[in-house]
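Just below is one structure, and these are the notes that go with it.
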Amino acid sequence: VVDEITQARLTLNSVLVGRHIGLACIYLYELLDAYADPSGEDVEKHFGLFDSSYRPKLAADALGRLMKALEDVETKQSEPAPVAYRLEPAPPEVGSLAFRKSDGTILIALWDERQVWDSARFVARQLPPLSIRLAAQDDLSIVMTMDLIDGVARHRPVPGTTAISIELRGNPILVTLR
């Protein structure tokens, strides 16, 4: 059975990649685990965002954080948010997507596209840190970064900061620029 952290990573990565490639909507399977399976032997019974007792799993919490952050995002499919940042280096294993909120704030979602699950051995992969530098452009400053899986603010740079180093370890990160 996929552990909750891996499920959350895979769920958010799927949603972000779907938006990145232009999907208008995404359907997640499934809302609720089919029934209690404490032994974890029946893999098919653990796909839910909530467990069988209606407790939100990390995937549900992380998805809720992403949706809350994107509440006020301009959603014109034909006009994506302007690229107000650059990644140095820009490795192919890092996905990124910018969103513009109605107040002009830019949110940048960064996700790690390396394999987080070993499907041959049925275990989570321990990923070494992937270091990147994010530089804001267009007179924008970096306000904060947040880990979307655990909801913890990782960086709260001093006002006026225009570049930071970020280590991706599997969890998607949301960067706020103003």
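The values are calculated or read from the model by the stated rules, or taken from the named source; none is laboratory data. Since this is a predicted model, take the numbers as computed values, not measurements. Methodologically, a virtual Cβ is constructed for each residue, glycine included, from the backbone with ideal geometry; neighbour enumeration extends over all protein chains shown. Just the protein is used for accessible areas: all its heavy atoms, side chains included, with ligands, DNA and RNA removed. Shrake-Rupley method; radii C 1.70, N 1.55, O 1.52, S 1.80 Å.
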Given charges at Cβ of Lys, Arg, Asp, Glu: the range 1-160 dipole, positive-most of ILE132, HIS46, GLY95 | ILE132
Scoring the chain by relative contact order with C-alpha pairs under 8 Å, at least six apart, yields a percentage of 22 percent
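How about the range 7-51: which GluC sites (Glu not before Pro) there lie in a loop by DSSP and see at most 16 other Cβ atoms within 10 Å? Please report the intermediate quantities before stating the final value.
On the way: sites: GLU30, GLU41, GLU44; in loops: GLU30, GLU41.
Qualifying residues, ordered by number: GLU30, GLU41.
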Quick one: if you stick a label point 7 Å off each Cα along the C-beta vector at ALA84 and GLU167, how many nm between them?
-> 2.9 nm
Relative contact order, percent, the range 1-78 [alpha-carbon distance under 8 Å, six or more residues apart] | 34 percent
Please report, in whole Å, how far the alpha carbons of the range 58-178 spread along each principal axis, starting with the longest.
-> 47, 28, 27
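Hey, got the dipole for the chain? About the Cα centre, +1 on K and R Cβ, -1 on D and E Cβ, debye to the nearest 20? Working shown, then result.
Details: 19 positive and 25 negative charges, 109 e Å.
Using only the charged Cβ atoms, the result is roughly 520 debye.
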Sequence of HIS46, HIS20, HIS155 when ordered by accessible area, the most exposed leading, probe 1.4 angstrom = HIS20, HIS155, HIS46
Heavy-atom accessible area per residue, the range 1-151, 1.4 Å probe: how many Å²?
-> 56 Å²
Once the Cα atoms of helix 4-20 and of the chain are each reduced to a long axis, what angle between those two axes, in degrees from 0 to 90 to the nearest 10, is obtained?
-> 50 degrees
To the nearest 10 degrees, the tilt of helix 58-69 (Cα long axis) against the first principal axis of the alpha carbons of the chain is 30 degrees
Cross-chain or 8 or more residues apart, Cα under 24 Å: how many lysine pairs in the chain fit that? Count them up, please.
-> 5
Give the value in nm², to one decimal: projected area of the alpha carbon convex hull of the range 1-133, averaged over all directions.
-> 9.4 nm²
